[in-house]
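Asker: Below you will find the structure I want to go over with you.
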Amino acid sequence: MTDEQVKPLPAPAPAASPATPAKKAHRMSTSARLLLAIALLIAIAGAAGAGFLLYWSELKRVESLQEITLLKSSINDQAAQITQLRNEQQQTSSYVQQDRSALQKASVSREELNTRMAALEKQIAIVTGSHRIDWMLKEIEHFIMLAERRVSLLGDAKGALALLQEADNIARDLNEPAARSLRDALTKDMHALQIASEASLDIDGIFLRISNLVQRVPKLNIPRYELYQTPPGAEAGVAASSEGIELFFDRFVNFLTSLVRYQKHDKQKPVLLTAERDYMAQGIVLLLEQGQLALLRGDTNAYRLSLSEARNRIDSFLLVQQDEAKLFITELDALAAIKLRPPMPTVDGSVRAVQVFREFWSKEKPAREQALLKLELQQAADKAKAGAQQ
């Protein structure tokens, strides 16, 4: 063999490393796994989001259904209330209609009553010759006179004020311009009585306390004579114990001592006869009653002067050691210390004003009656003329 023929064998190629394809396969599986994991996470997230959206939409749907249910219930309640209100409105409308009809009937009845009253007043005026104003004026005069007596006799400002208010109400219903002066006088007197009535003084209580003292005057200890009599059997005792000259002497002494009697009184009070004691008791009662009259009139000076004079007479002539007399003096001093309110006002202005209005009306009434008669005759003539024309 030649050298040309003998060729050296090529060197064997290096064997492929078995680790290389394994590493490539391993690298591909990790990437795939990563991609797969990411895809899986995305899928899970999408599923979770879809589930959450589905749950949220379902929750909203349930809430919407509940709200719709509540809204329907509220609408039903409002519809029921509206129906009830409509029924009540209908009932109220029926009641209002009934009231209107009743008012209309009452108005018609009142007009008929006024017509009948006017006719009756006219008939009474024809029979008695009195007018509506005459009756009302008599009522006003009556209330004013009662108020005047209430003030002058009882000193009751509140009662007199109420009476004058009634008189003023009647004067207002007269509907006469000439009654303005009368109402003016009533207003002034009412104002004065209103001021007097604000003074808080128990006139009735003080009056009753003085009346109690008047009833207790006879129980006072008034000094008086006491006639002593010889006890029965005394002379018999003397006669039994004495004889002869002694008996004559004892009887003679008893006779002399019986001719003169004396009585000792405390504090040297003067002794009064029976008539004088009665006169003094009546004087004390009179002074107490004068104090009551001054109390009603509101005269403080006369009130205190009367009670002070009664106190002086009791100190001068009565024995005040007993409890009854001491209590009497204590009560009398307490009454004298009371300060009376100012003098009670009078209602003379109202009395004069009603007399003036009475004189005015006595002159005005005939002219009013003549004018009314002419008007009635004219109306009758016009009615007859209208009937003839028809």
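Just so it is clear, none of the values below were taken in a lab; they were calculated from the coordinates. Keep in mind that this is a model prediction, so the values were computed, not measured. No Cβ is skipped: glycine too gets one built from the backbone with ideal geometry, and neighbour counts run over all protein chains shown.
Asker: If I model a spin label at Arg86 and Ser181 as a point 7 Å from the Cα along the Cα→Cβ vector, what separation in nanometres do I get?
Answerer: 7.0 nm
Asker: Would you mind calculating the relative contact order of the range 279-386 from Cα pairs under 8 angstrom and at least 6 residues apart, reporting the percent as a whole number? Working shown, then result.
Answerer: On the way: 50 pairs, mean separation 25.2, N = 108.
Once normalised by length, the contact order is 23 percent.
Asker: Label the range 52-184 by shape, choosing from rounded, prolate and oblate, from the square roots a ≥ b ≥ c of the eigenvalues of the Cα gyration tensor; if a/c is under 1.5 it is rounded, and otherwise prolate applies when a/b is larger than b/c, oblate when it is not. Don't jump to the answer; show the numbers that get you there.
Answerer: Working: a/c = 6.82, a/b = 2.76, b/c = 2.47.
The shape class here is prolate.
Asker: Around Arg352, with a cut-off of 13 angstrom between Cβ atoms, what is the net charge of the other residues, counting Lys and Arg +1 and Asp and Glu -1?
Answerer: On the way: positive: Lys188, Arg358; negative: Glu141, Glu148, Asp184, Asp189, Asp348, Glu359.
Local net charge: -4.
Asker: Enumerate by residue number the GluC sites (Glu not before Pro) in the range 145-214 meeting two conditions: DSSP loop (anything except H, G, I, E, B), and at most 14 other Cβ atoms within 10 Å of the site's Cβ.
Answerer: Those satisfying the criteria are Glu198.
Asker: Could you list, in their original order, any pairs among Lys138/Lys363; Lys158/Lys339; Lys138/Lys188; Lys363/Lys385 whose Cα atoms are separated by more than 27 Å? Write down the numbers at each step before the final one.
Answerer: On the way: Lys138/Lys363 16 Å; Lys158/Lys339 20 Å; Lys138/Lys188 21 Å; Lys363/Lys385 34 Å.
Result: Lys363/Lys385 exceed 27 Å.
Asker: For Ser64 and Ala32, compute 0.36 nm times the residue count separating them, minus their Cα-Cα distance, and round to one decimal in nm. Don't skip to the end; give the middle numbers.
Answerer: Details: separation 32, 0.36 × 32 = 11.52 nm, distance 4.65 nm.
Stretched fully, the Ser64-Ala32 segment lengthens by 6.9 nm.
Asker: Taking every pair of alpha-carbon atoms in the range 45-117, what share in percent sits in each 5 Å bin, from 0 to the bin with the longest distance?
Answerer: 5, 11, 9, 8, 7, 8, 6, 7, 5, 6, 4, 5, 4, 4, 3, 3, 2, 2, 1, 1, 0
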